[in-house]
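The structure under discussion appears below in the form of structure tokens.
Throughout, read-outs are computed from the coordinates displayed, never taken from laboratory work. Owing to the predicted nature of the structure, the values given are computational and were not obtained by experimental measurement. As a convention, Cβ positions derive from the backbone with ideal geometry for all residues, glycine included, and neighbour counts pool all protein chains shown.
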Amino acid sequence: MKSITAFLFSLMMIPLLAVHHEGEGHSMKDKNDFAYLSTYVIPENTNPKKLEKSLLENVETLEANGYNLCGLLRHQFGAERGFYTYCYFDDFEQFAEINDNQDPQADVKQLHADHSDHLVAVVKKGLKKRTQYILMATYTFGPYLTDNQRRKNANILYDAYNEAFEGCNLMEHFWGPELAWYVVCGYENYADFNNKANVLAGIHEERLADLKLDVMTHKDDLLIRVSN
């Protein structure tokens with residue numbers, strides 16, 4: 001499967017997405033090697049709070065169904081004006097056990113517009129602190145590169161984010177709509193973001209600006225954690 005890997009999302013995932021979490025009803029033996037990330041776009045002329053309430057109920061249900069840890073994030077700055085959900089799981093045996101025992105045709109009214117799902121592998125677990133704010137940086141690379149060349153370039157970028165934000169996760173595509181890598185970092189507030197972004201800018205100018213990393217697409221999403 002690694003031959004087709006490298007979700008947005010990247011993006012995503014934890015407390016988001018710190019995988020070494022502080023309890024929350026789950027054992028520290030959970031490996032959390034994979035994540036299920038989803039994006040929900042807010043329809044025009046609707047109240048976002050209505051969708052937010054529905055998604056909070058959804059993540060509670062997903063965790064009750066057997067995922068290790070789930071949560072909800074809300075768009076603040078970035079591409080899609082919407083919500084991002086995440087759940088962790090240890091392996092695809094756990095994923096199969098959860099989904100083979102659920103009704104995929106549940107009678108639920110759709111409140112969102114565009115929607116995407118991403119199943120990703122969590123390949124670097126540097127984010128250990130649960131923060132109110134989340135940066136998710138999504139990268140895709142040139143199609144002429146091998147998977148391992150893309151992976152190498154993603155790790156170069158991850159190292160810069162991880163140093164600047166003092167701990168980030170790196171996730172790579174496993175199943176879903178985009179062959180992408182996701183760097184997920186936390187920050188306490190926008191003053192903290194400013195400090196860490198300045199460090200990242202310095203690293204970029206000193207180490208990355210002259211590197212040919214074959215980035216094809218890139219986006220940053222700044223998200224805020226939503227809780228009950």
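Here are a few things to note about the model shown:
- Computing FRET efficiency as 1/(1 + (r/R0)^6) for residue 101 and residue 31, where r is the C-beta to C-beta distance and R0 is 25 Å, gives about 0.75.
- Counted residue by residue at 0.36 nm each, then reduced by the alpha carbon distance between them, the extension gain from residue 117 to residue 194 reaches 24.7 nm.
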